[in-house]
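The values are calculated or read from the model by the stated rules, or taken from the named source; none is laboratory data. All figures in this text were calculated on a predicted structure; none of them were measured in a lab. All Cβ positions, glycine included, derive from the backbone under ideal geometry; neighbour counts span all protein chains shown. Calculation scope for accessible area: heavy atoms of the full protein, side chains included, ligands and nucleic acids excluded. Shrake-Rupley method; radii C 1.70, N 1.55, O 1.52, S 1.80 Å.
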Amino acid sequence: MTQAAGTDGTEETLRATQAALAAEHAAVYGYGTLGGRLEGGRRDDATAARDAHRSRRDALTRTVRDLGGEPVAADAAYALPFAVRDPATAMRLAAVLEDRVAGVYSDLVRAARGPLRQDAAGALREAAVRAVRWRGTGVAFPGLAEKAAPADNTAEAGATGVTR
């Protein structure tokens, strides 16, 4: 996700890119906490998702620098919206993480131009597909909280990079 010709480089783009980076930091952390509660194919899915988020995180770090910013650092820990005690709550957390990541990529799609916008749209799509796989159902407008059905009484999973 490095900046290329056609990326506008505005402050809005930098802010949206930083928010996506913070969300990726939180997703990597979140997948690290839930992986131990899963077995077999679901553990493999969690590992693949964590690796995908690491890759996106690393690309966004480069993009922030290319846009002239200092990449936001990961927090040491993130507060989870609920206790992860079993496979069901682990899968629920994974879906929440992906929903949050889709939301920030939706903002980046709106803010960016050119290749960065295309990369953000691809990341939004990937997060939406993973959320469906974890939750078992989709939402009408992934990444758009005001259009999505309300979650099962869950709080934010720290995907904004804010600890609580």
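Being assigned to a loop (DSSP other than H, G, I, E, B), surrounded by 12 or more Cβ atoms within 10 Å (Cβ to Cβ) and of a type in the set (D, E, K, R) is the filter here, so list the residues in segment 37-88 that pass it. Within segment 37-88, ASP75 is the sole residue that qualifies. Of the residues making up segment 9-26, none is in contact (Cβ under 8 Å) with a residue 40 or more places away in the chain, under 15 Å from TRP134 (Cβ atoms) and assigned to a helix (DSSP H, G or I).
For segment 102-120, filtering for residues that are farther than 15 Å from GLU24 by Cα, open to solvent by 10 Å² or more (accessible area, probe 1.4 Å) and aliphatic (A, V, I, L, M) leaves 1.
Suppose we filter ARG135, ARG113, ARG100 for residues that are over 29 Å from THR10 (Cβ atoms), out of contact with any Leu (no Cβ under 8 Å at 6 or more places or on another chain) and not β-branched (Val, Ile, Thr); which single one remains?
ARG135
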